[in-house]
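> The following block contains the structure, expressed as structure tokens.
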Amino acid sequence: MSDPADLIIVGAGPAGMAAAATALAGGLRVVLVDSGTAVGGQFWRHPPEHARSVIPTEDLHHGLREYHDLREALAAHAQKGQLDLRLHHHVWSAVRQDDVFVVHAVDRRKAPQEIAVVLRAPRLLVATGAYDRQLPFPGWDLPGVLTIGGLQALLKGGGVAAGSRVALGGTGPFLLPVAASLAARGVEVVTVCEAAHPRAWLRHPGPLLRNPGKWAEGAGYALTLVRHRIPVRPRTAIIRAEGGARVTSVRVASLAPDGSPRPGRERRIEVDAVGVGWGFVPQLDLLITLGCALTDSADGNAVVAADEGLRTTVPGLYAAGETCGVGGAALAVGEGRLAAESVLADSGAAPVLRGKRLAAVRSAVAAQRAFARALALAHPIPPAWSSWLTDETVVCRCEEVTAGVIGTARAEGACDHRQVKQLTRAGMGWCQGRMCGPAVHCLTDPKQAYRPAERLVATPVTLGALADLDT
Ligand SMILES: Cc1cc2nc3c(=O)[nH]c(=O)nc-3n(C[C@H](O)[C@H](O)[C@H](O)COP(=O)(O)OP(=O)(O)OC[C@H]3O[C@@H](n4cnc5c(N)ncnc54)[C@H](O)[C@@H]3O)c2cc1C
């Protein structure tokens, strides 16, 4: 693409792909940037292009028709020179200078070499998705204990099953597709421990009735789990992983309504891998440094504050998908389309969606947002989860800070994750608190939504790439 772009989109997941396709259909020139090797994000994660024929993963996916349509539309626009697709480019900073967004990325196509790239456009759309929310427990740092998103990413992105006898635990419906994907690859899923009780859903009948498709999806997974004889145990949790060089067993406890283990209701199960997930945390690094206002969502996360058209509080800056709140791929696609419509309107271009089609997308997004809220309320983090910890449990794995040390910091007056970080170094390591930040927050200030610390550099970059910027 020789002329400057009208719009930069960071993130080529369902939200970013849909936004790009709509903006391109409206005639805009777009740069679409993603750190991954292929478009699709987390939901439509695929092996790299060259490996697809030898690693078939299509059977693990849903909604592939939409993915293929979007991919074809992007490829057609790339061929015409209207789309500049930058895969393997990780954005580490974005700033607004004189009404232009300056996006700094590192091109990692020739890794370990990193090449600095600077992109500029008058409008920026951030669709960077989310990452797994983890709660520590004794043994969670043993090899073989993964996040459920990690298990799914290994399967979809590389056809790799992390174990042959796997226990899953945490809360939320994402446990079900992960169990189904593992079973489809011949893995024995010995238990799915769901901390919530299904009764919690009955308190939110409205959003359930407005989203019959979600019921059908859930029923499909339930059938798969029954077919593979996978037991789903409500109000239970994996409270300990045991082993030496890697995990060999887990302790599963029946939970009281507050999430504390019921005395005498614990069992040991032999496994060779474990997957745990407590929902997701929106990836807000770029949006926070750009100065966007945040708002609280029902799952205990802060999310970017955006209007109905997905405009943030910073002029020219838009967000879509899980950065606006965790809610699944269909919602991300709808929001991507609406955000791109706003970009078109604000750029003075003609809309792509009109009349009934636009109304249908708006109404689906509203229904899916309501469903996401109900889902978050039905699958909370158990209030007494910290009773599973011992003083020796490592909470910050990068800096090896234990629950005992964090307890001492709290006793000395630290009352949020930033103060704990200053006193203990929890969150100061390589991952910059992405893993432990939500957990430290839940240990210190659980009534407030989790607001990640501002990270001026969103991914580690080499000094060489920074030095390149001089030229
Ligand atoms: C590990 C994982 C696996 C998941 N698997 C499933 C699943 O199998 N089924 C399901 O229903 N839901 C899954 N989810 C939930 C999923 O996040 C959403 O439902 C859906 O993918 C959200 O779409 P999105 O476009 O908002 O974000 P995503 O799909 O997460 O896309 C965001 C994209 O932004 C890119 N990105 C982020 N930061 C940067 C940066 N700084 N520079 C450049 N690129 C960047 C990422 O590489 C990614 O491709 C998963 C979530 C995670 C974290």
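> Give me the lysines in straight-line cross-link reach of residue 447: C-alpha distance below 23 Å, same-chain residues under 8 apart excluded.
Answer for residue 447, where 23 Å is the Cα cut-off: 421, listed by chain and number.
> A follow-up question, please. Using alpha-carbon pairs under 8 Å, 6+ residues apart, how would you state the relative contact order of the range 246-363 in percent?
15
> If the rule is a partner Cβ under 4.7 Å, which cysteines in the chain fail it?
If one checks each Cβ against the other cysteines of the chain, 193, 292, 324, 398, 415, 431, 442 turn up with nothing under 4.7 Å.
> Please report the Cα spread of the chain along all three principal axes, rounded to whole Å, starting with the longest.
68, 49, 44
> Is the range 389-444 best put as rounded, prolate or oblate by its Cα gyration tensor, with a ≥ b ≥ c the root eigenvalues, rounded for a/c under 1.5, and otherwise prolate when a/b is larger than b/c, oblate when not?
Oblate.
> Would you please give the residues with an amide H less than 5 Å from that of residue 93, counting only those at least 5 places away or on a separate chain, with H modeled from the backbone geometry?
Residues meeting the criterion, in which the H sits 1.01 Å from N, are 104, 458.
> Could you sort the peptides 354-366, 28-40, 145-157 by per-residue average Cβ neighbour count (10 Å cutoff), highest mean leading?
28-40, 145-157, 354-366
> By a straight-distance test (C-alpha under 18 Å), which aspartates and glutamates pair with residue 214 as possible cross-link partners, with residues fewer than eight away in the same chain excluded?
66, 322, 335
> What ³J(HN,Hα) values, in whole Hz, does the Karplus curve 6.51 cos²θ - 1.76 cosθ + 1.60 give for the range 368-381 when θ = phi - 60°, with x put for Gly and Pro?
5, 5, 4, 5, 4, 5, 4, 4, 5, 6, 7, 10, x, 6
> Would you mind calculating the gained length between residue 66 and residue 425 on full extension (0.36 nm times residue separation, minus the Cα-Cα distance), in nm to one decimal?
124.8 nm
> Using helices alone, I'd like the mean residue ellipticity at 222 nm for the chain: each DSSP H run of four-plus residues gives -39500 (n - 2.57), total over residue count, nearest 500.
Helix contribution divided over all residues of the chain: -9500 deg cm²/dmol.
Where a number appears in this text, it was derived from the coordinates with a stated rule and is not lab data. This is a predicted model, so every value here is computed, not measured. Positions of Cβ are generated from backbone atoms using ideal geometry, with glycine treated the same way; all protein chains shown enter the neighbour counts.
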